[in-house]
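Everything on this sheet refers to the single structure shown next.
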Amino acid sequence: MTLSFHIPTPLEYFASLVQSDQPFHLFEAAVSLGQDEYPGLDVQRALAEVDALLVRLRRRLPADAPAMHKLRLLNYFFFQDLHFGGNLNHYYDPDNSYLHKVLERRRGIPVSLAVLWLELAHGLGLQAHGVGFPGHFMVKVNLPQAQVVIDPFSGQSLSREELQARLDAWRASHGLPGASELPLGHYLQAMPGREILARMLRNLKEIHRTQCDWARLVAVEDRLLVLLPQAWDEYRDRGLARAELGQLDPAVRDLETYLGQAGEGRDAGAIAERLATLRRALG
């Protein structure tokens with residue numbers, strides 16, 4: 001009898017990790033994003049590397065260490081001993097979003113550094129969460145009598161006043177009236193793992209869009225639509241990218257899906273015209 005085994009594609013593997021929110025495999029799914037750019041990536045090796053870091057951390061902690069002691073040790077280990085930090089010189093390098101490269105180079109962007117930091121924090125039993133703060137991803141830890149918010153790009157612990165100043169600056173840069181905006185606490189809510197992963201993918205998407213790298217953008221969109229099947233704008237963007245690549249049939253299907261589901265959006269007319277052009281090209 002001949003046995004056959006199906007080896008999942010990177011996209012199928014990714015889909016298996018994000019199909020359910022209970023549990024949601026954020027770290028493993030985030031590591032797997034690198035498989036599109038690095039087909040030989042060994043995801044399990046990256047996971048084992050983080051497990052080894054966690055073993056080192058736990059050896060430094062007494063069994064009854066309080067949460068604040070764990071947090072201080074984690075931050076010292078992550079930012080001082082291992083020298084993780086933001087990639088200021090090459091912020092838009094796609095490798096900043098691939099966690100195996102972040103582990104290798106000790107450099108990343110706020111959300112990728114945060115995902116790695118969170119994996120270690122959870123391994124220590126800390127009540128840690130990602131925070132989709134406007135313009136800059138943060139992490140926070142809920143302690144028995146306090147909440148600590150940390151910038152994963154620099155390791156800085158931010159006071160309420162410093163966070164408010166950052167929020168005010170962001171509002172001003174976007175021409176938003178501060179008085180009519182939501183309070184600071186709204187922007188410090190924990191972000192679900194699915195949304196964190198979507199933020200990582202959309203960072204990559206924007207890089208590829210800026211570089212007109214349509215093939216890589218389509219690969220990112222494939223993952224976004226596995227992650228968020230009803231994100232209709234992603235069908236539009238994938239369809240437009242496919243059209244740039246000359247993939248007319250799938251481009252038409254994506255744009256039809258977008259128009260059928262998104263309703264009368266402000267770009268509906270322009271997309272309908274683009275769709276008509278593609279249909280004519282198909283004959």
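The values are calculated or read from the model by the stated rules, or taken from the named source; none is laboratory data. Note that the structure is a prediction, hence the values are computed from the model and not measured. Glycine gets a Cβ as well: all are built from the backbone with ideal geometry, and neighbour counts include every protein chain shown.
Please verify whether Leu255 is crowded, with 17+ Cβ neighbours inside 10 Å and either in contact (Cβ under 8 Å) with a residue 40 or more places away in the chain or touching a His at 6+ places or on another chain (Cβ under 8 Å) (or both), treating the condition exactly as stated. So Leu255 fails the test. When Leu33, Leu26, Leu41 are checked against the criterion of being closer than 25 Å to Trp214 by Cα, in contact with a Gly (Cβ under 6 Å, 6 or more places away or on another chain) and in the same structural domain as Glu104 (by TED's automatic domain parsing), a single residue qualifies: Leu41.
Residues that are of a type in the set (S, T, N, Q): find the helices (runs of 4 or more DSSP H) completely inside region 73-191 holding 1 or more of those.
110-123, 160-173
Can you confirm whether region 193-209 contains a residue that is without any contact (Cβ under 8 Å) to a residue 60 or more places away in the chain, surrounded by fewer than 20 Cβ atoms within 10 Å (Cβ to Cβ), outside the structural domain of Ser16 (by TED's automatic domain parsing) and more than 18 Å from Val111 (Cβ to Cβ)? So far as region 193-209 goes, no, none of its residues is without any contact (Cβ under 8 Å) to a residue 60 or more places away in the chain, surrounded by fewer than 20 Cβ atoms within 10 Å (Cβ to Cβ), outside the structural domain of Ser16 (by TED's automatic domain parsing) and more than 18 Å from Val111 (Cβ to Cβ). I'd like the full set of residues that are assigned to a helix (DSSP H, G or I) and without any contact (Cβ under 8 Å) to a residue 60 or more places away in the chain, limited to region 34-50. Within region 34-50, Gln35, Val43, Gln44, Arg45, Ala46, Leu47, Ala48, Glu49 meet the criteria. When restricted to residues that are farther than 20 Å from His208 by Cα and assigned to a loop (DSSP other than H, G, I, E, B), region 236-283 contains 6. Among the criteria (1) more than 25 Å from Leu33 (Cα to Cα); (2) free of Cβ contacts under 8 Å to residues at least 12 places away in the same chain, the one Pro229 does not fulfil is (1). Per the conditions (1) touching a strand residue (DSSP E or B) at 6+ places or on another chain (Cβ under 9 Å); (2) small (Gly, Ala, Ser); (3) farther than 30 Å from Gln19 by Cβ, the sole criterion not satisfied by Ala190 is (3). Here Ser154 fulfils each of the conditions (1) touching a residue at least 60 places away in the same chain (Cβ under 8 Å); (2) in contact with a strand residue (DSSP E or B) (Cβ under 6 Å, 6 or more places away or on another chain) apart from (2).
A quick yes/no check of all residues on (1) surrounded by 11 or more Cβ atoms within 10 Å (Cβ to Cβ); (2) under 25 Å from Leu228 (Cα atoms); (3) out of contact with any Phe, Trp or Tyr (no Cβ under 9 Å at 6 or more places or on another chain):
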site	(1), (2), (3)
Ser20	no, yes, yes
Leu26	yes, yes, yes
Val31	yes, yes, no
Glu37	yes, yes, no
Leu47	yes, yes, no
Arg59	no, no, yes
Ala63	no, no, yes
Met68	yes, no, yes
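Among the residues of region 83-132, those identified as within 18 Å of Lys70 (Cβ to Cβ) and among the aromatic types (Phe, Trp, Tyr) are Phe84, Trp117.
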